[in-house]
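Worksheet for the structure shown next.
We did not get these values from a lab; they are worked out from the coordinates using the rules stated. As the structure is a computational prediction, the values presented were derived from the model and not from experiment. Reconstructed Cβ throughout: ideal geometry from the backbone, glycine too, with neighbour counts over all protein chains shown.
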Amino acid sequence: MKLLVCISKAPDTTSKIEFTDNDTKFNESGVQYIVNPYDEWYALVRALELKEQNGGSVTTITVGTATDDSIIRKALAIGADNAVRIDSEAGDAYYTAFQIAEYAKSNGFDIVITGKETINYNGSQVGGMIAELLDQPFISLATNLEMDGTTATINIEMVGGVEVVELDTPFVVSAAKGMAEQRIPNMRGIMAARTKPLEVLPAAPCDALVSFEAYELPPAKSDCKYVDPENMAELVDLLHNEAKVI
Amino acid sequence: MSVLVYINTLNGKIAKNAMEAVQYGSKIGATTVVTNGAIGESELATLGNAGASKVLVNRVLTSNDPAQTTRLIKAAAESVSANTIVFSQDITGKAVAPRVSAALKAGLASGAIALPDADGTVKVNVFSGKAFGKVKINSAIKVIALTPNSVGVEEESGVASVEEFSADLGNASYTVKEVKKQEGDILLPEAELVVSAGRGLKGPENWGIVEDLAESLGAATACSRPVADIGWRPHHEHVGQTGVAIRPNLYIAAGISGAIQHLAGVNGSKVIVVINTDPEAPFFKAADYGIVGDAFEVLPKLTAEIQKLKAQN
């Protein structure tokens, strides 16, 4: 079974979010980049488990520049067999999906797995776009994925519950919480990652469909109003008459 | 401007976030709604109250299949010559909007929280709610996925005309084997009031006081990540960066310190109340109202006061 896992970088979850260049660029100074948690914890780890159970290979793919190589090595240290980097600034979600779809078309994968979203853009766009470009089924927000031969049984988060579906490969799936548990790379994995293949390929021509023109921070929160723990009548009064939420 | 809004009505009802998406669309231009399933015609006509002039309903498609839903929307978009397509950024929106975007080569602004500006840019949530981005869509057709509970709905009286709409849906992507309904009446992602608790509650056996408060308010219950990870509460209750992101009108958090990852999932809440014994808990910095006190004493008192308020009204 050939598995392709889409890996994006994201600022560490504790990063201070600030912007520069007249609020048009994310301020990267002092920011530590990590593998986007949904891509790492859920998509990559589940792919590795499927490979351990069924044999095959796990390839990661990233659209990015050479600065992304450190997070790609992390994915290899966790256990991916090889990595591909499409050498380009990431552009928008469509541009990214287009590059991944082009690579997937010429290399034939059974399953393409993404995280459900990145924690910096929160778009949940790339997986669905890849599926459309490949003309394959897309399973969005999977919380469990089991394989029996070429048939997958997948739990999908639905409004008000879970839907259990069955389909054959190939397909594209986005992984949400529940798919797998985080794996910490061990020293052997980290050493092995240094020599695992990381193929760098040129980007295919494609125009981005959207652009981020500017960013802004939410307005500063006004100070917290403290209420005496003995006086819950006051809190209820504030919520009812001042905040008007109950 | 011709606007097409897709809404999911498969459970037989029109959810609040669907009404929001319809009204959002109607403020951009003449709005047609496309939906599918067995929902009644008179129910669909009420979408006129949110500003829709026409509703196209496909009776054949009765599943959430994203590929077939995409084909339905694409056919509807062609039939009304839509130049803007609106979704709610809910579970269905996340599955279908990107497919529609790629199928039409139409740029997608996901997580919108306001109407497009005069210059056409759309304000969206980025960095897990810690910032906003202004997205410019460069394609002729624009797709917008609206964050639930970010715009209000002011209902007017209007009646939408309802038409049956058929489309070539192609093959189904999968077979649905089973549908497991979540327990409880109030679904967390849609809840307007949420009561949440963390490790400060000391054990799952103590959740009664949380549930009592939630019941008095008609709120959903939620929890912090550690509590879900150690199995005190089910995973679907976990709110935060890696769990569910919620935007209720009121979020009450008891015994949660307020780590930055937790805040990322709740900072879209309109009003936050924090109850914690530690006055230095970081959550107080994000709170509108704070109570430095013991949840075991504060929650029952708060429940009693809420019940008094409800008895008066």
Checklist entry - Structure shown: which of A:K221/B:K270; A:K2/A:K51; A:K25/B:K285 lie over 18 Å apart, alpha-carbon to alpha-carbon? => result A:K25/B:K285
Checklist outcome for this item: For the range B:2-164, the count of lysine pairs 8 or more apart or interchain whose alpha-carbon atoms are under 15 Å apart comes to 10
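Given only helices, namely DSSP H runs of n ≥ 4 each adding -39500 (n - 2.57), what is the per-residue ellipticity at 222 nm of chain B, to the nearest 500 deg cm²/dmol? Don't jump to the answer; show the numbers that get you there.
Details: 8 runs with 84 residues, N = 313.
Rounded to the nearest 500, it is -8000 deg cm²/dmol.
Report the gain in length on full extension from A:T150 to A:E242: 0.36 nm times residue separation, minus Cα-Cα distance, nm rounded to one decimal.
Numbers: separation 92, 0.36 × 92 = 33.12 nm, distance 5.86 nm.
Once the chain is fully extended between A:T150 and A:E242, it gains 27.3 nm.
If the viscosity is 1.306 mPa s and the temperature 10 °C, what Stokes-Einstein diffusion coefficient in µm²/s follows for chain B when Rh is the Kirkwood radius over Cα pairs?
Values: Rh = 20.9 Å.
D = 76 µm²/s.
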Checklist outcome for this item: Going fewest to most other Cβ atoms within 10 Å around each Cβ, A:T151, A:T143, B:T147, B:T303 line up as A:T151, A:T143, B:T303, B:T147
Checklist outcome for this item: Env charge @ B:K105, Cβ radius under 11 Å, K,R +1 / D,E -1, value -2
Item to check | 0 to 90° range, to nearest 10: angle between helix A:45-54 axis and chain A longest Cα axis | outcome: 30 degrees
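Taking a ≥ b ≥ c as the square roots of the Cα gyration tensor eigenvalues, with a/c under 1.5 meaning rounded and otherwise prolate when a/b beats b/c, else oblate, which class fits the range B:148-238? Kindly include the intermediate steps, with their values, before the conclusion.
Details: a/c = 3.31, a/b = 1.62, b/c = 2.04.
Here the range B:148-238 falls in the oblate category.
Please give the charge dipole size of the range A:2-215, origin at the Cα centre, charges +1 on K and R Cβ atoms and -1 on D and E Cβ atoms. Round to the nearest 20 debye. Spell out each step's value before the answer.
Working: 16 positive and 30 negative charges, 163 e Å.
Here the size comes out at about 780 debye.
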Checklist outcome for this item: Honestly the range B:188-312 on the Cα gyration tensor test (a ≥ b ≥ c root eigenvalues; a/c under 1.5 rounded, otherwise a/b vs b/c for prolate or oblate) is just rounded
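With a sphere of radius 15 Å drawn around the Cβ of A:V210, what net charge do the other residues whose Cβ falls strictly inside it have (Lys, Arg +1; Asp, Glu -1)? List each step's numbers first, then the result.
Details: positive: B:K105, B:K123, B:K134, B:K136, B:K142; negative: A:E89, A:D92, A:D207, A:E213, B:D117, B:D119.
Net charge around A:V210: -1.
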Checklist entry - Once Lys and Arg get +1 and Asp and Glu get -1 on their Cβ, which of B:A228, A:V45, A:N107 lies farthest toward the positive end of the dipole of the protein assembly as shown? => result A:N107
Checklist entry - Which net charge results for the neighbourhood of B:D119, defined as the other residues with beta-carbon distances under 12 angstrom from its beta-carbon, given Lys and Arg at +1 and Asp and Glu at -1? => result +1
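State the extension gain, in nm to one decimal, for the chain segment bounded by B:I230 and B:N138, taking 0.36 nm per residue of separation less the distance between their alpha-carbons.
Extra length available between B:I230 and B:N138 comes to 28.5 nm.
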Checklist entry - What is the helix-to-structure angle for A:69-78, meaning the angle in degrees between its Cα long axis and the longest Cα principal axis of chain A, kept from 0 to 90 and rounded to the nearest 10? => result 80 degrees
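Using a ≥ b ≥ c from the Cα gyration tensor of the protein assembly as shown (square roots of the eigenvalues), is it rounded, prolate or oblate, where a/c under 1.5 gives rounded and otherwise the larger of a/b and b/c decides, a/b for prolate?
oblate
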Checklist outcome for this item: Expressed in nanometres to one decimal, the distance between label points 7 Å along Cα→Cβ at A:S57 and A:N27 is 4.4 nm
Checklist outcome for this item: One can check that the equivalent ellipsoid of chain A, built from the alpha-carbon gyration tensor with semi-axes equal to the square roots of five times its eigenvalues, has lengths in Å, largest first, of 36, 24, 19
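Which FRET efficiency, nearest 0.05, do B:K308 and B:E41 yield, Cβ-Cβ r, R0 51 Å?
Working: r = 44 Å, r/R0 = 0.86.
Working from the Cβ atoms, E equals 0.70.
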Checklist entry - If one takes the longest principal axis of the Cα atoms in chain B, at what angle in degrees, from 0 to 90 and to the nearest 10, does the Cα axis of helix B:295-312 lie? => result 60 degrees
